[in-house]
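Report on one structure; see the data block that follows.
The values are calculated or read from the model by the stated rules, or taken from the named source; none is laboratory data. A quick note: this is a predicted structure, and the numbers were derived from the prediction, not measured. Neighbour counts are summed over all protein chains in view; Cβ atoms, including those assigned to glycine, are modelled from backbone coordinates with ideal geometry. Ligands, DNA and RNA are stripped out before the accessible areas are found, and what is left, the full protein with its side chains, is counted by its heavy atoms. Shrake-Rupley method; radii C 1.70, N 1.55, O 1.52, S 1.80 Å.
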Amino acid sequence: MQTVFDRLVLEIANQIPRGKVTTFGEAAKALGDVRAARAVSISILRGVRRMGGPWHRFVASDGSLGKFAAEKYELLSSEGIPIRAGRICNLERFLMRAEEFEVQPILLKMRLAQRKLRERIILEDRFESKELVAGVDVAYGWEGDLEIGYGACVVVDSKLDVVEVKTVRMRTAFPYVPTYLAFREMPFIVASTRDVKFDILLLDGHGIAHPERIGEACHAGLVLGKPAVGIAKSILVGRMVNGVIVHEGEEVGHVVKMKGKNPVFVSPGHMVSVETSKLLVKRFWGPYRQPKPLAMAHEVAKKLKNGEISPTIDLLKGD
DNA sequence: GCGACAG
DNA sequence: ATCTTGTCGC
């Protein structure tokens, strides 16, 4: 119950009267995008339920109860909701739809922000140098109902030697919602790269291979004013055509397949071309399943989460 | 059962 | 991404 998203979900929960229910999807739509349905359910379970709120008035779109069905059955039954075979009967009769909620459509606002920001994306090579490449990654964990993120930035030089490592620990400000990943991870990217010297940024996720053509790598490149490349393990949008990711008729990225490794999907974020993005990923690969800076950042973030190392910056207790 | 949506 | 025992493959 700590993020803006959690507070908005709670507002929705408090607008459902006794004898009514809503679905995770309808609540997500009220917030501006059905894609947030999963995030809504997590927020309900870890936030609203723990604080004793009306968590039971949220069900799946087919009327099934979902997690803690037995407990939810008792609570809904006592409020007059008919349930048979684990499903609400005549769901539409008791359902509150998205339009009935009065809540800030935060995801819609974020989508508009993405559309405004994407106008500034440059898909041409604009390098000062290609000597120092930074990789950033974030690991996540829960402490009760508080979600904590552990960010790591690792910089390597042209010989693939690690020249700098910076880490940060802080609370997560936004849940994971497909196509809005940047809003979850940008705070960690900004904090872990602050005062770090590098020429190119690599991160887990997509660049322009995104439904709005502005994935996390674009967002990060724009905010930091640096060339940035996205490297993902699966496709978000588009189809593979001869090693190229094609979305709505445009070439938005490449499939890079290194010997003995699973393929990765590479798309430019900012100040780099589609072609150069691919070459850079190969150039800084190393003996891992992804480019060395990313593999290292992943390891460091995991160690930080496990308490094996302490953070350069700890925003949990000041610093 | 199908389709599947980065991390 | 995280949750997790035993299981599979080199």
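To keep it simple, each residue is scored yes or no on (1) open to solvent by 10 Å² or more (accessible area, probe 1.4 Å); (2) not assigned by TED's automatic domain parsing to the domain that holds A:GLY144; (3) not in a loop (DSSP other than H, G, I, E, B).
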{"residue": "A:THR22", "(1), (2), (3)": "no, yes, yes"}
{"residue": "A:ALA28", "(1), (2), (3)": "no, yes, yes"}
{"residue": "A:ALA39", "(1), (2), (3)": "no, yes, yes"}
{"residue": "A:ILE44", "(1), (2), (3)": "no, yes, yes"}
{"residue": "A:ARG50", "(1), (2), (3)": "yes, yes, no"}
{"residue": "A:HIS56", "(1), (2), (3)": "yes, yes, yes"}
{"residue": "A:GLY66", "(1), (2), (3)": "yes, yes, no"}
{"residue": "A:ALA70", "(1), (2), (3)": "yes, yes, yes"}
{"residue": "A:SER77", "(1), (2), (3)": "yes, yes, yes"}
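Please go through the range A:201-213 and give me each residue that is surrounded by fewer than 24 Cβ atoms within 10 Å (Cβ to Cβ) and more than 15 Å from DNA strand C (Cβ to nearest atom), ordered by number.
A:PRO211, A:GLU212, A:ARG213
List the number of the failed condition for A:HIS254; all other conditions in (1) open to solvent by less than 40 Å² (accessible area, probe 1.4 Å); (2) more than 16 Å from DNA strand B (Cβ to nearest atom); (3) more than 19 Å from A:VAL136 (Cβ to Cβ) hold.
(2)
Filter the range A:285-303 down to the residues that are away from DNA strand B (no atom under 11 Å from the Cβ) and either acidic (Asp, Glu) or surrounded by 22 or more Cβ atoms within 10 Å (Cβ to Cβ) (or both) and list them by number.
A:PRO291, A:PRO293, A:MET296, A:GLU299, A:VAL300
Applying the selection to the range A:304-318, what residues are part of a loop (DSSP other than H, G, I, E, B), surrounded by fewer than 15 Cβ atoms within 10 Å (Cβ to Cβ) and not aliphatic (A, V, I, L, M)?
Across the range A:304-318, the qualifying residues are A:ASN306, A:GLY307, A:GLU308, A:SER310, A:LYS317, A:GLY318.
Please state which one of A:PHE198, A:PHE188 is assigned by TED's automatic domain parsing to the domain that holds A:VAL136 and within 15 Å of DNA strand C (Cβ to nearest atom). Lay out the reasoning, then the answer.
Working: A:PHE198 fails: within 15 Å of DNA strand C (Cβ to nearest atom).
None of the others qualify; the one that does is A:PHE188.
For the range A:132-159, name all the residues that are out of contact with any strand residue (DSSP E or B) (no Cβ under 9 Å at 6 or more places or on another chain) and either open to solvent by 70 Å² or more (accessible area, probe 1.4 Å) or more than 27 Å from A:GLY47 (Cα to Cα) (or both).
Hits for the range A:132-159 are A:GLU143, A:LYS159.
Are any of the residues in the range A:234-243 closer than 26 Å to A:LYS305 by Cβ and either out of contact with any Gly (no Cβ under 8 Å at 6 or more places or on another chain) or touching a residue at least 40 places away in the same chain (Cβ under 8 Å) (or both)?
Within the range A:234-243, the subset closer than 26 Å to A:LYS305 by Cβ is A:234, A:236.
Still in the list and also either out of contact with any Gly (no Cβ under 8 Å at 6 or more places or on another chain) or touching a residue at least 40 places away in the same chain (Cβ under 8 Å) (or both): A:234, A:236.
For the range A:234-243, residues closer than 26 Å to A:LYS305 by Cβ and either out of contact with any Gly (no Cβ under 8 Å at 6 or more places or on another chain) or touching a residue at least 40 places away in the same chain (Cβ under 8 Å) (or both): present.
Criterion first (of a type in the set (A, V, I, L, M, F, W, C) and at pLDDT below 90) does A:VAL48 satisfy it?
Values: of a type in the set (A, V, I, L, M, F, W, C): yes; at pLDDT below 90: yes.
Yes, satisfied.
Working only within the range A:271-284, note down all residues that are open to solvent by 70 Å² or more (accessible area, probe 1.4 Å) and within 28 Å of A:GLU119 (Cα to Cα). Walk me through it before giving the result.
Within the range A:271-284, the first condition is being open to solvent by 70 Å² or more (accessible area, probe 1.4 Å), and the residues that meet it are A:275, A:279, A:282-283.
Listed by number, the residues that qualify are A:GLU275, A:LEU279.
From the list A:ARG46, A:ARG87, A:ARG35, exactly one residue is over 19 Å from A:VAL177 (Cβ atoms), out of contact with any Leu (no Cβ under 6 Å at 6 or more places or on another chain), of a type in the set (D, E, K, R) and touching a residue at least 24 places away in the same chain (Cβ under 8 Å). Which is it? Spell out how you get there, then give the answer.
Values: A:ARG46 fails: over 19 Å from A:VAL177 (Cβ atoms); A:ARG35 fails: over 19 Å from A:VAL177 (Cβ atoms).
From the options A:ARG46, A:ARG87, A:ARG35, the qualifying one is A:ARG87.
Every residue in the range A:195-238 that is near DNA strand B (Cβ under 7 Å from one of its atoms), outside any loop (DSSP other than H, G, I, E, B) and touching a helix residue (DSSP H, G or I) at 6+ places or on another chain (Cβ under 7 Å), please.
Passing the criteria: A:ASP204, A:GLU216, A:GLY230.
Checking A:ALA173 against (1) touching a strand residue (DSSP E or B) at 6+ places or on another chain (Cβ under 9 Å); (2) open to solvent by 40 Å² or more (accessible area, probe 1.4 Å); (3) within 13 Å of DNA strand C (Cβ to nearest atom), which single condition isn't satisfied?
Failed condition: (3).
Within the range A:244-282, which residues are touching a residue at least 60 places away in the same chain (Cβ under 8 Å), outside any loop (DSSP other than H, G, I, E, B) and out of contact with any Phe, Trp or Tyr (no Cβ under 9 Å at 6 or more places or on another chain)? Spell out how you get there, then give the answer.
Going through the range A:244-282, the residues touching a residue at least 60 places away in the same chain (Cβ under 8 Å) turn out to be A:267-274, A:276-277, A:280-281.
Restricting the remaining residues to those that are outside any loop (DSSP other than H, G, I, E, B) gives A:267-270, A:274, A:276-277, A:280-281.
Scanning the range A:244-282 gives A:SER267, A:PRO268, A:GLY269, A:HIS270, A:VAL274, A:SER277, A:LEU280, A:VAL281.
Residue check: is A:MET96 touching a strand residue (DSSP E or B) at 6+ places or on another chain (Cβ under 6 Å) and surrounded by fewer than 20 Cβ atoms within 10 Å (Cβ to Cβ)?
Values: touching a strand residue (DSSP E or B) at 6+ places or on another chain (Cβ under 6 Å): yes; surrounded by fewer than 20 Cβ atoms within 10 Å (Cβ to Cβ): yes.
Judged against the criteria, A:MET96 is a match.
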